Amino acid sequence: MATFNEKRTCSERMQNFGRFVWNPDTGELMGRTLVKWVFISLYYVAFYIIMIGLFALSIYSLMKTLDPYEPDYKDQLQSPGVTVRPSLYVDEDIEIVYNISDEDSYRGIVKSLHTFLSVYNKTKQHEMMNKDCSNLTDVKSLLAGSGRTKHACQFTTDMLGNCSCDKDPTFGYASGQPCIFIKMNRLLNTNYNNEMIRFWNHNMYACTTQDDLGHVEYFPHGSFGLQYFPYYGKLAQPNYTNPLVAVKLLNPAKNHEFTIVCRVNGSHIISENPHDPYEGKVTFKLKIEN
């Protein structure tokens, strides 16, 4: 009487496996006849074609509901975020520390600023087909493009006054009078009212600190015009460049760490959001060693 634990030799195991792969008696390949393999293959081919078709149809239906020029859901921020250049992050803080006697300590800063401002070169702005909007009253017609596309106004480095690389290739870092560049992030289709214009024409940005920061200059002087707003989106304005404000510190104290806060001045612009420290303002530390 055979036991349940009857042992088979290796050759018997291989012979059984071979008959499973191909059984010449029944004409089965791996347990199925050729006809069954054809039927099951056709079933899975049809199944996956239907699944792919349903997935493609759902994606197509979703994409047809989306506007490529404007997202259905936007950020809930009421005020633009603000960033600073150079942006040297230490942990989560922005710290600009260098020694005016050591060129190596600020060489990387100057190089990063040249890279950042390269898109604002006048030649580059012309190549990007951005329009010269200076001294124009009817800017809207100048920026009109084909369909829903829009041109953008030029913002060039010569608008940055003494912080232009043409005036000083080290942006004042070699002389201890550094330039800080403040950029307001883009908000799609954000229009600004006359009250904001009044605020901005007075002074769009204000950089303050608890200590005596010394004399500060802003470029462009006072503000930049509202021809840079609204921003219509990447598809409508592919060559749009954010306007900048350059802050030049003329006589900051040496070997002293400043905590500087730069805010956007304007009606209905919030800068005291406890949940987002970069909404409407940017905070950074500056220390010039000597």
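All of the numbers you see were taken from the coordinates with simple rules; none came from a lab. All values derive from a computational prediction rather than experimental measurement. A quick note on method: Cβ atoms are made from the backbone with ideal geometry, for glycine too, and the neighbour counts reach across all protein chains shown.
Before moving on, here are some points about what is shown:
- Per DSSP, loop trypsin sites (Lys or Arg not before Pro) in segment 37-110 with at most 14 further Cβ within 10 Å: 74
- Mean residue ellipticity (222 nm) of the chain, computed from DSSP H runs ≥ 4 via -39,500 (n - 2.57), nearest 500: -8500 deg cm²/dmol
- Computed from Cα positions, the angle between helix 34-64 and the longest principal axis of the chain comes to roughly 20 degrees.
- C-alpha long axis of helix 103-117 to longest principal axis of the chain, angle in °: 80
- Those Cys residues of the chain for which no other cysteine Cβ falls under 4.7 Å: 10, 165
- Remark on residue 288: its backbone amide H falls under 5 Å from those of 255, 256, a criterion applied only to residues 5 or more positions apart or on other chains, H modelled at 1.01 Å from N.
- Comparing Cα centroids, segment 126-179 and segment 6-66 end up 64 angstrom apart.
- Around residue 263: net Lys/Arg minus Asp/Glu count, Cβ-Cβ under 14 Å: -1
- Coupling constants for segment 248-264 follow from the phi torsions by the Karplus curve (6.51 cos²θ - 1.76 cosθ + 1.60, θ = phi - 60°), and in residue order they are 9, 8, 7, 8, x, 5, 8, 6, 9, 8, 9, 10, 9, 10, 10, 10, 8 Hz; glycine and proline get x.
- Local net charge near residue 102, Cβ-Cβ under 14 Å (Lys/Arg +1, Asp/Glu -1): 0
- For the chain, the longest site-free run once GluC sites (Glu not before Pro) in DSSP loop states with at most 15 other Cβ atoms within 10 Å are removed: 93-271
- Test item: Cα-centred dipole of the chain, Lys/Arg +1 and Asp/Glu -1 on Cβ, debye: 1140
- Karplus-derived 3J(HN,Hα), 6.51/-1.76/1.60, for each residue of segment 25-33, Hz, glycine and proline x: 6, 9, x, 9, 10, 6, x, 9, 6
- Cα gyration tensor shape of the chain, rounded if a/c is under 1.5, else prolate or oblate by comparing a/b with b/c: prolate
- DSSP loop chymotrypsin sites (Phe, Trp or Tyr not before Pro) with at most 12 other Cβ within 10 Å: longest gap in the chain: 74-290
- Angle of helix 10-21 to the longest C-alpha principal axis of the chain, folded into 0 to 90 degrees and rounded to 10: 80°.
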